[in-house]
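Taking it in order: structure first as C-alpha cells, then the write-up.
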Amino acid sequence: MPADFLAYGFMQRALITGIAAAICCAMVGLYLVLKRYSLFGDALSHMAFGGIALGYFLNVYPIWTATAVSVSAAMGITKLRKSTRISGDAAIAVMLSAGLGMGVILVSASHGFTIDLFSFLFGSVLLTNLTDTISFLGISGGIIAVLLALRKPLLHFTFDEEQAKINGVPVEKLNYLFIGLAAVTVIITMRLVGILLISALIVLPNITSIMMGKSFRKTMAISVSLSVAATTSGIILSYPLNLAPSGCIVMILVAMYVGTLLARRAGIFSGKPLLREMQAGAREKS
C-alpha cells in the first residue's frame, strides 16, 4: 500500500525536498524561458558538473566547488555578453562546453567516476538526510522569497529591458542577482533530478503552462502546480516500481507537455501563448 512506504522518513524527506525544488525551478525557469534562456539551466548544470569534478579532484566538499564555479561562470558569461554583445545562446553554448570539458578532464585525472559522482549526475533524492533537507528548505525558501519580493521589477526586466531602464529599474544589478539565483537553484536541485536532467525541471513545466495562454500570474501558478505534481508523482511511483525518481519525474513532465500540446491543437486551450503576447507588446512599443 502507498501509505506504508510514505510513512518512511526518507520518503517524507524526499517529498519535502522535491516540492521545494519543484517550486524554485518553476519560478526561476519561467523568467529564463520568457527571456529565451531556456538552455541556461542546462549550461549551469554542466558548469556544476565541472565544479563537482573539481571538488573531487581537490578533495573538497563538491557542493562548495560546484556553487563557486557555477555562480562565477554565470556572472562571467553575463558580463561577457554585455561587454562584447555576444548573443545569449552563444554565451550559453560557451558555458556548457567549458563546464563539460573541465568536468571530463578532472574526472579522468581523479581516476574515473565514483558512486557519489553518479548520484550528482542522475539524482539521489531518496538519500537526502535531515541536515540536507533543512539546509535545502532554508536556501529554497530564500530564493522564493527574493523572487516574490522582486516580482514586479523582474517581470518588467523580463518583458523589455530597455523600457525597464527608462522606468528606473536597475537592470544590470537585477540581471546579476537573477543569474546568481538561477545558479544556486541549479546547485540545490542536483540532488533531485541530477545534473543531466535539471534543465527538464526548469523548462518543461513552463513551456507547458505557457501554451495554455493565460496571464503571467496564472502561468506561474500553473507552472508551479505542474512541477510539484510531476515531482511528487515521480517520487511516489519510483519506489514501488524500483525506478529512478529523476527519470520518472522527467517523463511525467514530458507527458504533461505532450498532453497540453494535443489539447491546444484540439482547441481546448485557445488563448494566445504568453510569450507571443510579450513579443506582440514589444513590437507595439517599438
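The values are calculated or read from the model by the stated rules, or taken from the named source; none is laboratory data. None of these values were measured; they are calculated from a predicted model. Don't worry about glycine lacking a Cβ; one is built from the backbone with ideal geometry, like all the others, and counts go over all protein chains shown.
A few points about this structure:
- The condition of being modelled with pLDDT of 90 or more and touching a Lys or Arg at 6+ places or on another chain (Cβ under 9 Å) does not hold for M212.
Residues checked against (1) within 29 Å of Y239 (Cα to Cα); (2) surrounded by fewer than 18 Cβ atoms within 10 Å (Cβ to Cβ):
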residue	(1), (2)
F136	yes, no
K152	no, yes
T158	no, no
E172	no, yes
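- Residues of segment 50-77 classified as within 20 Å of the chain's Cα centre (by Cα), modelled with pLDDT under 80 and farther than 16 Å from Y176 by Cβ, total: 2
- A single member of S270, S225, S246 is at pLDDT 90 or above and polar (S, T, N, Q), and it is S225.
- All positions within segment 10-26 that are crowded, with 24+ Cβ neighbours inside 10 Å and closer than 19 Å to I222 by Cα: G18, A20, A21, A22, C24, C25, A26
- Residue check for L80: part of a helix (DSSP H, G or I) and either touching a Pro at 6+ places or on another chain (Cβ under 6 Å) or modelled with pLDDT of 80 or more (or both): no
- Test: residue in segment 38-49 that is closer than 13 Å to R191 by Cα and either more than 12 Å from the chain's Cα centre (by Cα) or aromatic (F, W, Y) (or both): yes
- Annotation: of all residues in segment 49-72 being crowded, with 24+ Cβ neighbours inside 10 Å and of a type in the set (A, V, I, L, M), the one that is nearest to M95 (Cα to Cα) is V69.
- For segment 149-196, the set of residues classified as touching a residue at least 60 places away in the same chain (Cβ under 8 Å), charged (D, E, K, R) and within 17 Å of V33 (Cα to Cα) consists of D160 only.
- In the set A183, A164, only one residue is more than 15 Å from the chain's Cα centre (by Cα) and either small (G, A, S) or surrounded by fewer than 16 Cβ atoms within 10 Å (Cβ to Cβ) (or both); that residue is A164.
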